[in-house]
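Below is one structure, written out as structure tokens; comments come after it.
The values are calculated or read from the model by the stated rules, or taken from the named source; none is laboratory data. Note that the coordinates shown come from a computational prediction; the quantities given were computed from them, not determined experimentally. So basically every Cβ, Gly included, is an ideal-geometry build from the backbone, and we count neighbours across all protein chains shown.
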Amino acid sequence: MERLTPSTDTTGSGRVLVVNAGSSSLKLRVIDRDDDVAAGADLPAVGGGLAGGADGAAIKKTIESFGPVAAVGHRVVHGGTLYTAPVLVTREVRQRLESLTDLAPLHQPKSLAALDAVSAVLPDTQAVACFDTAFHATIPEAASTFALPAQWRARWALRRYGFHGLSHAYASRRAAELAGLAGTGQDGLRVITCHLGAGASLAAVHGGRSVDTTMGFTPLDGLVMATRSGSVDPGLVLWLEEHAHMPSRELAETLESRSGLTGLAGTGDMREVLSRAAAGDERAVLGRDVYLHRLRGSIASMAAAMDGVDLLVFTGGVGENSPEIRSLTVAGLGFLGAVIDDDRNGLGRQARGGDDDWEVTAPGSRVRTFVIAAREDKQIAAEVRSVLLTS
């Protein structure tokens, strides 16, 4: 297969098809040379056996409607220790990615099924795998190493991998741009990115490199999420297994799907949690307060990893769309020197001139706070271009 270079990029005009396979949907976006969305569609989640199947036909019809593309970028949740940077997809790479399924059994099969389906439609178009774990490969050993026996860590590659890396990478870079500190100005810059959605995690980004994050060996660790518990005492899980005779499968299902805000407040929808909490619903108040307690404490931990913070960033569905969560979070971070402007924090899109990204810092605040739209598609397109122009 011929390598894409600027001189051979004619039919696609620099357009990159970004493929984001989730548990419930397949998001397809065409990103042009100017980083604008030229075309896009959201389809149902990909299943197996797509060759000639209904899913495959729908994907084929949709992609063909987009027109020509120069390359394809796939979001892949887990690269393990094999892939710490985006990589051109070959048959060998595809096989290695499948070998990592045990590390992300809920996500990796979806990514691979989408890769196969899109490759069947565009067999002669180069594809690049971009990893949610790769951005966190720079985390130092002190932050990535679990206090477990060396034999365990070596045999099963037990370490803090971190996730949401594509979102954290984009949000931190974009915030640096808005602060006028992109490029070399980013050296030494201390950014905490808060990706708050159904899944949620933080990252400490020092000089453009991830140095700590809240998710660990799996995406179950860290913050309270919509349905995931976040961090719990491992002894509690062992106790349930031994004394309540709870099967490991039931434990996993409960921690993944029936915990978090859902377990606390009865719903994983933050809008409903806040609405019910404002009306005095005790479960919703508890859910909101536990969420905020864990979030504030984890932000402080990220700041400790960098000896301070210069920029604080909110992104993801909750981070972008909930002024109340932003306000309540930062209200507990005065000791870090963070203060936000309530008026700017509450601005709607029209009032802020249609901008997706904006600053909400209050005058006199030592920490600048930004709200950044999550754009994993832009990050993937940038990584695709970096691979194809350097490989």
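Scanning the range 323-337 turns up no residue that is farther than 29 Å from VAL285 by Cα, surrounded by 14 or more Cβ atoms within 10 Å (Cβ to Cβ), at pLDDT 95 or above and touching a strand residue (DSSP E or B) at 6+ places or on another chain (Cβ under 9 Å).
In the range 144-161, the residue that is farthest from LEU202 (Cα to Cα) out of those that are in contact (Cβ under 8 Å) with a residue 60 or more places away in the chain and surrounded by fewer than 17 Cβ atoms within 10 Å (Cβ to Cβ) is ALA157.
For the range 59-69, check the following and say yes or no: at least one residue is crowded, with 17+ Cβ neighbours inside 10 Å, under 19 Å from VAL387 (Cα atoms), within 24 Å of the chain's Cα centre (by Cα) and modelled with pLDDT of 85 or more. No, every residue in the range 59-69 fails to be crowded, with 17+ Cβ neighbours inside 10 Å, under 19 Å from VAL387 (Cα atoms), within 24 Å of the chain's Cα centre (by Cα) and modelled with pLDDT of 85 or more. Among the residues of the range 229-256, those identified as more than 17 Å from MET215 (Cβ to Cβ) and among the hydroxyl-bearing types (Ser, Thr, Tyr) are SER248, THR254.
Set side by side, the residues ASP269, ASP233, ASP281 differ, and just one is over 22 Å from the mean Cα position of the chain (by Cα), assigned by TED's automatic domain parsing to the domain that holds MET302 and within 24 Å of LEU202 (Cα to Cα), which is ASP233. Taking ARG228, is it basic (Lys, Arg), at negative phi and in a helix (DSSP H, G or I)? It is false that ARG228 is basic (Lys, Arg), at negative phi and in a helix (DSSP H, G or I).
Residues satisfying the criterion are present in the range 13-33 (criterion: modelled with pLDDT under 95, outside any strand (DSSP E or B), surrounded by fewer than 22 Cβ atoms within 10 Å (Cβ to Cβ) and over 24 Å from the mean Cα position of the chain (by Cα)). Looking only at the range 159-194, which residues are part of a strand (DSSP E or B) and over 18 Å from VAL224 (Cβ atoms)? Result: ARG190, VAL191.
Could we say that LEU220 is touching a residue at least 40 places away in the same chain (Cβ under 8 Å) and either assigned by TED's automatic domain parsing to the domain that holds PHE314 or of a type in the set (S, T, N, Q) (or both) here? Here the answer is no, as LEU220 does not meet what is asked.
Inside the range 283-319, residues that are on the phi < 0 side of the Ramachandran plot and crowded, with 19+ Cβ neighbours inside 10 Å make up a count of 20.
What about THR214, is it of a type outside the set (A, V, I, L, M) and within 17 Å of GLY316 (Cβ to Cβ)? Lay out the reasoning, then the answer.
On the way: of a type outside the set (A, V, I, L, M): yes; within 17 Å of GLY316 (Cβ to Cβ): yes.
Here the answer is yes, as THR214 does meet what is asked.
Tell me, which residue of the range 195-218 that is part of a loop (DSSP other than H, G, I, E, B) and surrounded by fewer than 24 Cβ atoms within 10 Å (Cβ to Cβ) is farthest from the chain's Cα centre (by Cα)? Walk me through how you get there before you give the answer.
Step one: of the range 195-218, the residues part of a loop (DSSP other than H, G, I, E, B) are 197-199, 207-208, 214-218.
Filter again for surrounded by fewer than 24 Cβ atoms within 10 Å (Cβ to Cβ), leaving 197-199, 207-208, 216-218.
Working: GLY197: 9, ALA198: 10, GLY199: 8, GLY207: 19, GLY208: 16, GLY216: 13, PHE217: 15, THR218: 13 Å.
Residue satisfying both the conditions and the ranking: GLY207.
Considering GLY316, GLY332, GLY364, GLY308, the condition of being within 30 Å of ILE31 (Cα to Cα) and assigned by TED's automatic domain parsing to the domain that holds VAL273 is satisfied by GLY316 alone.
Could you tell me whether the range 86-109 includes any residue that is small (Gly, Ala, Ser), in contact with a Lys or Arg (Cβ under 9 Å, 6 or more places away or on another chain) and modelled with pLDDT under 95? Step through it out loud before you land on a result.
Applying the first criterion (small (Gly, Ala, Ser)) to the range 86-109 yields 99, 104.
Subsequent filtering for residues that are in contact with a Lys or Arg (Cβ under 9 Å, 6 or more places away or on another chain) retains none.
No, the range 86-109 contains no residue that is small (Gly, Ala, Ser), in contact with a Lys or Arg (Cβ under 9 Å, 6 or more places away or on another chain) and modelled with pLDDT under 95.
Tallying residues that are within 19 Å of ALA57 (Cβ to Cβ), of a type outside the set (Val, Ile, Thr) and surrounded by 23 or more Cβ atoms within 10 Å (Cβ to Cβ) within the range 116-131 yields 1.
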